[in-house]
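What follows is a set of notes on a single structure, which appears directly below.
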Amino acid sequence: MAEAGSAPPPDTSDMYAVHGVFRDTLGAAPTLVGGIAPGDAERVALISNYYENVLSFLEAHHDGEELLVFPLLRERCAGDEVLIDDMSDQHHEALALLEKAKASLAAWPGGDAAAQAAAQERLAELGSHLLEHLNEEEAKVLPLAAEHLSMEEWGALPGHGMANFHGDKIWLILGLIRERMTDAQRATMVARMPPPALEMWTGFGEQAFKNYASVVEVAVVNHA
């Protein structure tokens, strides 16, 4: 627990970049999913996989907060137990919507226009739910974390997220987060990466992300 005069508190502002990934990617579903031309199987496969990775990251992110952050805040923040319980309940609601979104994505490749519309709607529903949750978490929970958690405790979140990510493109998630970070935050992220993760990112991950993002963005323009 951080105390005055002891080690500096964690910089919880890095969470804004993570939350920005969810806001932006899910908010783009009407274009990324809804804008695909009929019969474009290659594009459907690309965007379906893109969102599968985003949803896997969201699942790992919420799991990390449930295991590493919320229990400590319940223990240390007398009077804020209801807030933490509400945040946890919102996670469970998001998980239910996430499972529906995953099912719609699984049914989409090879599906018809109805499957495409369902995928778009389920992702949009999840995004709408998250908007309120993320706003409240930033306004109420991040200040508590900055005050009551140590740098080491807060710093455990990224490692948990990477270890429990079950998508096939971890470099996509790293790239999406880094796009929304400040230069200082990006430097800190690299400095704290475990050697295998750093080797992956510098060896091929960063360029793979740039290439992938370019394809996604060009396709959005072409199909809008």
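Bear in mind these aren't lab numbers, they're just calculated from the coordinates by the rules spelled out. Remember, it's a predicted structure, so these values are computed and weren't measured experimentally. Glycine gets a Cβ as well: all are built from the backbone with ideal geometry, and neighbour counts include every protein chain shown.
The figures follow:
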item: Cα-based Kirkwood hydrodynamic radius, segment 73-152, one decimal, Å; result: 14.5
item: Lysine pairs in the chain with Cα atoms under 27 Å, if 8 or more residues apart or on separate chains; result: 4
item: Per-peptide average of other Cβ atoms within 10 Å, ordering 197-205, 101-109 highest first; result: 101-109, 197-205
item: Segment F204-A156, length gained on full extension (0.36 nm per residue, minus Cα span); result: 14.8 nm
item: Fully extended contour minus Cα-Cα distance, from A106 to H166, at 0.36 nm per residue; result: 20.1 nm
item: Dimensions (Å) - segment 101-224, Cα atoms, principal axes, largest first; result: 50, 38, 26
item: Estimated 222 nm signal from helices in the chain, with DSSP H stretches of n ≥ 4 weighted -39500 (n - 2.57), rounded to 500; result: -23500 deg cm²/dmol
item: Candidates S48, S88, S56: whichever shows maximal mean-square fluctuation once the chain is modelled as a Gaussian network with Cα springs under 10 Å; result: S88
item: Computed P(r) (all Cα pairs; the chain; 5 Å bins; percent); result: 1, 6, 14, 18, 19, 15, 13, 8, 4, 2, 1, 0, 0
item: Test item: Cα-centred dipole of the chain, Lys/Arg +1 and Asp/Glu -1 on Cβ, debye; result: 800
item: Compactness of segment 1-132 as Cα Rg over 2.2 N^0.38 Å, two decimals; result: 1.28
item: Computed E for A187/L131 - FRET, C-beta separation, R0 30 angstrom, nearest 0.05; result: 0.50
